[in-house]
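Notes follow once the structure below has been shown.
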Amino acid sequence: MQDFIVEPLAKNQIAAAFPLIREALPRLDLKSWTRLANRLTDPRHARKRGVLAARRAGRPHASGLLYYRKEQDLKSGAILVANHFVALDPLDSRPVLAALIAALENLAFELDCAAIRSVVHTSAPEVAIELVSAGHQLEGATLYKSLSVRE
């Protein structure tokens with residue numbers, strides 16, 4: 001397995017990461033992504049929220065991303081919530097996901113979190129498989145109802 005470097009997304013990587021985030025959020029436009037990513041890459045807020053980017057060693061562009069935020073949970077206290085996992089690799093995305101998941105766990109320890117809660121969308125079942133392989137367990141279910149159209 002080739003080594004991966006996982007680090008916070010840098011401001012100069014925002015535009016290059018747009019095709020990746022579009023895999024998770026196809027309706028997101030570049031202007032909205034740039035505005036959001038500029039806030040998420042502010043190092044003053046890295047202990048509360050951000051984007052982790054995974055890239056193969058020796059390569060300049062990310063092949064995986066996830067969004068994280070630190071929250072207070074009534075049951076567990078401080079937790080790290082991860083969302084919008086994206087991993088693209090022409091041969092096998094599992095090593096990209098594994099690198100992101102390992103980095104997420106390290107970040108949770110650094111931020112003194114008691115647990116990690118990962119939101120896995122139905123369009124990315126491979127993320128759930130890798131999370132379970134890394135010791136994560138099903139906690140519950142998240143349900144969603146769009147309110148864009150009144151029924």
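The values are calculated or read from the model by the stated rules, or taken from the named source; none is laboratory data. Bear in mind that the values here come from a model prediction, so they are computed numbers and not experimental data. Don't worry about glycine lacking a Cβ; one is built from the backbone with ideal geometry, like all the others, and counts go over all protein chains shown.
Within region 123-151, the only residue that satisfies the criterion of being farther than 12 Å from L97 by Cα, modelled with pLDDT of 90 or more and in contact with a strand residue (DSSP E or B) (Cβ under 7 Å, 6 or more places away or on another chain) is H136. The set of residues in region 11-43 that are of a type in the set (A, V, I, L, M), in contact with a strand residue (DSSP E or B) (Cβ under 9 Å, 6 or more places away or on another chain) and in contact (Cβ under 8 Å) with a residue 40 or more places away in the chain comprises A17, L20, I21, A24, L25. Scanning region 85-132 for residues that are among the small types (G, A, S) and under 15 Å from the mean Cα position of the chain (by Cα) yields A87, S93, A98, A99, A102, A103, A108, S118, S123, A124, A128. Taking the listed residues L100, L143, L147, the one that is outside any strand (DSSP E or B), touching a residue at least 60 places away in the same chain (Cβ under 8 Å) and not charged (D, E, K, R) is L100, with no other qualifying. Only residues that are more than 22 Å from L80 (Cβ to Cβ) and of a type in the set (S, T, Y) were counted across region 17-59, and they come to 2.
Among the residues of region 94-110, is there at least one that is more than 24 Å from A46 (Cβ to Cβ) and surrounded by fewer than 16 Cβ atoms within 10 Å (Cβ to Cβ)? Yes - at least one qualifying residue is present in region 94-110. Looking at V120, V132, V127, V86, just one residue is in contact (Cβ under 8 Å) with a residue 12 or more places away in the chain and either in a helix (DSSP H, G or I) or surrounded by fewer than 13 Cβ atoms within 10 Å (Cβ to Cβ) (or both), and that residue is V127.
One residue stands out among those in region 12-34 that are more than 23 Å from A124 (Cα to Cα) and loosely packed, with under 12 Cβ neighbours inside 10 Å: the one that is nearest to the chain's Cα centre (by Cα), which is N12.
Screening R47, R55 for residues that are among the basic types (K, R), assigned to a loop (DSSP other than H, G, I, E, B), in contact with a strand residue (DSSP E or B) (Cβ under 8 Å, 6 or more places away or on another chain) and in contact (Cβ under 8 Å) with a residue 40 or more places away in the chain leaves exactly one candidate, R47.
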